[in-house]
Each structure stands twice: as C-alpha cells, then as structure tokens.
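Below is one structure; the comments refer to it alone.
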Amino acid sequence: MTRSQRLPRGLFSLVTSLGFGALPSFAQDDAPFDRTPQDCVPLTAIDRTRVVDDQTILFYMHNDRVFRNYMPRKCPGLERQNRFMYETRSSRLCSIDMITVLEQWGTRLEPGFTCKLGDFHPLSPEEAEDIEELRKTGEDEVGSEAIETSPAELPHDPAPAEADVPAPPDAAEE
C-alpha cells in the first residue's frame, strides 16, 4: 500500500475504535468467568488492597478485577496491623515475592514478619464483597457455613484387637 492509499490516522483510529473496540466488551459478557490463578499481577494495575486475615489479602485492580492471594503460611501480625509493604525488582508483584508486615511502634512503622505470597486467584466482585462482609461479622473461615457437620459414631468391633496378631511361638515346644 502506497502512502497515498493509506487511511488518515484519525479515520483509522475511529474505524478501530468502532469496529474492534466494541467486540471485546460484547465477547466478555458471554465468556465464562476465568478462574485460572495468576502467578503475577502488574503493579500499575493495583488500586488498593484489603487484609482479610493472617493468610489472605484481596488485591483490587483498576480494571474492576479482584484477586485473592492466599499465602502458603500464616503471616503473624498481618491481620492485627492491617498493613504491609513489598519490594520487587520488576513491574509485577508475583507469587515468589515477599511482603513485610508494618508494625506500629509509637509514631513510627517498623518492619515485622516477612512472608511469601501465594498465587493470585480471580474473584468476582460479588465474591470479594462476601469475603469483606464475612470479615466484618467476625467469621473465622470464609464460607464456613457452606459445610454442615455432625458427630458420627463408629461401629463397635466385637472382636478383640489382639485376635489379628499371631501368638509368639512357645519356647517349651522346641
């Protein structure tokens, strides 16, 4: 295509935004919610965070997505202090990165425990809202009411446990 046959930039941008820009939003409405865990999230996309407990942090993104990071181990003081910091050498926060709890000591913040992040699991906005609500009501486990439990009685075995063990050879028989 020669220079004279090209579309003017403004017209190309308009065609692109009208022709292709509407397609992704239409396709997103019909697409199932992708629950594939992410190893990393871009730092520039993080809008805010919310500490749920000593092992769970919600990451709210600028694009209205929410990720739940469930750390492999509890991070002491995270829920109580409700603040943390992180350092990364890239433009992404990843599951291999560490967070450090910031503890209040008088008027200054001091570094506390350092803990490894887990994978970033996508949540719907409704799920994030439910988790926030459970946190406010003081539920220990997110979704703890979803499973009902009741005590069960084990059947009684009438045979003694020693019956399965063979008797030792008698020394007098030799």
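Numbers below:
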quantity	calculated
Qualifying residue in the stretch 79-91 (condition: assigned to a strand (DSSP E or B), touching a helix residue (DSSP H, G or I) at 6+ places or on another chain (Cβ under 8 Å) and exposed (fewer than 15 other Cβ atoms within 10 Å of the Cβ))	no
So residue 118, is it out of contact with any Asp or Glu (no Cβ under 9 Å at 6 or more places or on another chain) and either of a type outside the set (Val, Ile, Thr) or over 24 Å from residue 37 (Cα atoms) (or both)	yes
First in the stretch 30-45 and under 23 Å from residue 88 (Cα atoms), second anywhere and surrounded by 12 or more Cβ atoms within 10 Å (Cβ to Cβ) and of a type in the set (Asp, Glu), Cβ under 7 Å, 6 or more apart	37/119; 38/119; 39/119
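Quick note: the coordinates plus some simple rules give every number you see, no bench work behind them. What you are looking at is a predicted structure, and each value in this text was computed from that prediction instead of being measured. Every residue, glycine among them, receives a Cβ derived from its backbone with ideal geometry; neighbour counts consider all protein chains shown.
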